[in-house]
Amino acid sequence: MDNHRWLVSSLFQSATSGGPLQFRDNPLLSGVLADFVSGLTTMMSHVNPGGSHEVSGLLEKNLLAGAIRLYRSTGQVPSFAYRPDKWNTDLPLARASSMVSELAPVVLYLRYLVEPGDLLIIEEPESHLHPALQATFARELARLVHSGVRVLLTTHSEWILEALANVVRLSELSEEQRAGISGADVALAPDQVGAWLFKADADGGGSAVEEIPLDTEAGSFPVGFGEVTEALYNEWARIGNRIEAAKAAKADQND
């Protein structure tokens, strides 16, 4: 997003009348990046009136504590800014925090491009997010599913998995029974949420993929994060035991 204006400018400057558009002395854009830049340049042509637009506003309110602003500048190339709550001026997006710059594309895509029936793919949404905000983001993704958008995400976050587990668990309660529970206005049935674990296969020749069932006792989709936590705690305990043993040995010597 920081460089899209340069990309578009370079594209037009290097275009030839008799051949395909290309960057001179630069590699061609990948399909994903080309689609992204194309989407940025066509934003503001319409605003989605459905649930995805609503979720974009909730992301700004509940996570960003400010608004992502889009302006038309010279020609049709947009510019982007962030305005924190209670500010009356904009902050260039390049000067905003990593959290803001990471979530800004999601907010803009939901507001201007994503429609019911679309598939939105998000890679590691936990990047630069506090654990509490990761859980909030997961609940907003569930709200997006309610609006008819399919969501596919990759994650290494136990908090996101636990938040999604809670969203599924809520579906076992009636709306009346959910009263007073945080995020209780969003619930997804078990068949609306799936989790899969990618790990190296036994011979090391690739990856094995297995579906992870929801563990209702643990309250998560277990992927082994708990084993890491347990191992770190055990290591802490062993170190502590040796420290205490060394102190005891030193005390015996002094006696």
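Taking the mean number of other Cβ atoms within 10 Å as a proxy for protection, how do you rank 157-167, 116-126 from highest to lowest?
157-167, 116-126
Keeping every protein chain in place, order L152, L141, L214 by accessible area at 1.4 Å, biggest value first, i.e. largest first.
From most accessible down to least: L152, L214, L141.
For an R0 of 30 angstrom, estimate the FRET efficiency from the Cβ-Cβ distance between D201 and N241 and round to the nearest 0.05.
0.20
Between E211 and R69, take the C-beta separation as r, use R0 = 41 Å, and let me know the FRET efficiency to the nearest 0.05.
0.50
With only Lys, Arg, Asp and Glu charged, each at its Cβ (+1 for the first two, -1 for the last two), find how big the charge dipole of the stretch 120-227 is about the Cα centre; round to the nearest 20 debye.
Dipole magnitude for the stretch 120-227 comes out near 380 debye.
Amide H neighbours of L120 under 5 Å, counting only residues 5+ apart in sequence or on other chains, H built in-plane at 1.01 Å?
R150, V151, L152
Taking amide hydrogens as modeled 1.01 Å from N in the peptide plane, which residues meet the under 5 Å criterion relative to A195, leaving out close sequence neighbours?
I212
For A189 and I121, what is the calculated FRET efficiency with R₀ set at 25 Å and r taken between the beta-carbons, to the nearest 0.05?
That gives a FRET efficiency of 0.70.
Leaving out ligands and nucleic acids, note down the accessible area per residue over the stretch 94-167 with a 1.4 angstrom probe, in whole Å².
46 Å²
Considering only protein heavy atoms, with the full assembly of protein chains and a 1.4 angstrom probe, order F198, F225 by accessible area, largest first.
Descending order: F198, F225.
Lys/Arg Cβ at +1, Asp/Glu Cβ at -1, dipole of the stretch 58-179 taken about the Cα centre: which of A132, M99, H156 is farthest positive-ward?
Going by the Cα projections, it comes out as M99.
The values are calculated or read from the model by the stated rules, or taken from the named source; none is laboratory data. What you see is a predicted model, and the numbers here were worked out from it, not measured in a lab. Positions of Cβ are backbone-derived with ideal geometry, glycine not excepted, and every protein chain shown enters the neighbour counts. Side chains included, ligands, DNA and RNA excluded: accessible areas come from the protein's heavy atoms. Shrake-Rupley method; radii C 1.70, N 1.55, O 1.52, S 1.80 Å.
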